[in-house]
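The block underneath contains the structure these notes are about, expressed in structure tokens.
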Amino acid sequence: MLSTDQVEQFKTDGYLRGGRVLSDEQIEALREEMARVVRDRDNPDAAQPVLCHNFTGNPDTPVWQVVNIWEASEPFHQLIFHPTIAEEMAQLTGASTLRIWHDQIQYKPAATGGVNMWHQDAPLWPILAPMTEVSAWVALDDVAPDNGCMSMVPGSHRWGNQIAFLNALSGWDAMPAEFEDKPVEVRPCPVQKGEVHYHHALTWHGSPANTSARPRRAIALHFMTDETRYVASGEHVMKPFVEVADGEVMQGQHFPVVWEKP
Ligand SMILES: O=C(O)CCC(=O)C(=O)O
């Protein structure tokens, strides 16, 4: 459970480092499952996630992205219901119901793992409204700037949809010191393995390349609240799994309830 000060900090910054939520044994089991699912990606006899690919498209700077590993792996299925994460997510969103929107492994191999450029999540999810989702990012390795920990721009969740501005940045180090007369501060967010880190869907964030000799494995759990509705005009890899009509509250077997107010 988060303290009142932590919830206030999240409202101010748009992100928050939580506490440890996984034991060493759980971390090891999830690492093995991640490796198995990536290895089995072309195996027709293995349950498959929604997506499993190197999203940079460049084999020299790979970032392995696995979407909805929870549908391919029982330990990851259990993770989406993690009681501490669900309870803290409810505190941060004020929701009375939480559903999983999707999950997402981002694995940056040692020495070669590429950049995840500056972005906001919500504009990349145009089949959802309003843009109020919150994500829980769980580290499966100790992460620091040298192996590609995330960086956040505090307060940027209050600046609206600025994805066009972020997409126009020429590279990871191109973030200006000011945006529309507001100071822009880039804060690296180191996290220990087994810890959770929360961010709002409009917070500017991304992660640099992994230049270290250590892998950087992590899973983001993206959640929806009882106010999240379907926008049929948008496109997203999860769109084929939506079972509700345009404008309806999101629900369905691929978006299970993970927490309800007692
Ligand atoms: O893992 C990363 O480097 C980025 C993850 C991310 O963008 C997210 O969880 O929204």
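The values are calculated or read from the model by the stated rules, or taken from the named source; none is laboratory data. These figures come from a predicted structure and were not determined experimentally. Note that each Cβ is placed from the backbone with ideal geometry, even for glycine, and that neighbours are counted across all protein chains shown. For the accessible areas, the whole protein counts, side chains as well, though only heavy atoms, and no ligand, DNA or RNA atoms are used. Shrake-Rupley method; radii C 1.70, N 1.55, O 1.52, S 1.80 Å.
For GLN91, the test of being assigned to a strand (DSSP E or B), in contact with a Leu (Cβ under 8 Å, 6 or more places away or on another chain) and open to solvent by 20 Å² or more (accessible area, probe 1.4 Å) is failed. Residues that are modelled with pLDDT of 95 or more, of a type outside the set (Val, Ile, Thr) and crowded, with 19+ Cβ neighbours inside 10 Å occur at least once in region 187-194. Selection of region 114-159 for residues being assigned to a loop (DSSP other than H, G, I, E, B) and under 19 Å from VAL186 (Cβ atoms) yields GLY114, VAL115, GLN120, ASP121, ALA144, GLY148, CYS149, MET150, VAL153, PRO154, GLY155, TRP159.
Counting only residues that are open to solvent by 20 Å² or more (accessible area, probe 1.4 Å) and either near the ligand (Cβ under 10 Å from one of its atoms) or of a type in the set (A, V, I, L, M, F, W, C) (or both), region 203-239 holds 7 of them.
Out of LEU30, LEU22, LEU16, one residue alone is touching a residue at least 40 places away in the same chain (Cβ under 8 Å), part of a loop (DSSP other than H, G, I, E, B) and open to solvent by less than 60 Å² (accessible area, probe 1.4 Å). It is LEU22. For region 126-153, residues that are of a type in the set (A, V, I, L, M, F, W, C) and more than 16 Å from the chain's Cα centre (by Cα) total 3.
Against the numbered list (1) open to solvent by less than 30 Å² (accessible area, probe 1.4 Å); (2) away from the ligand (no atom under 15 Å from the Cβ); (3) on the phi > 0 side of the Ramachandran plot, GLY148 comes up short only at (2).
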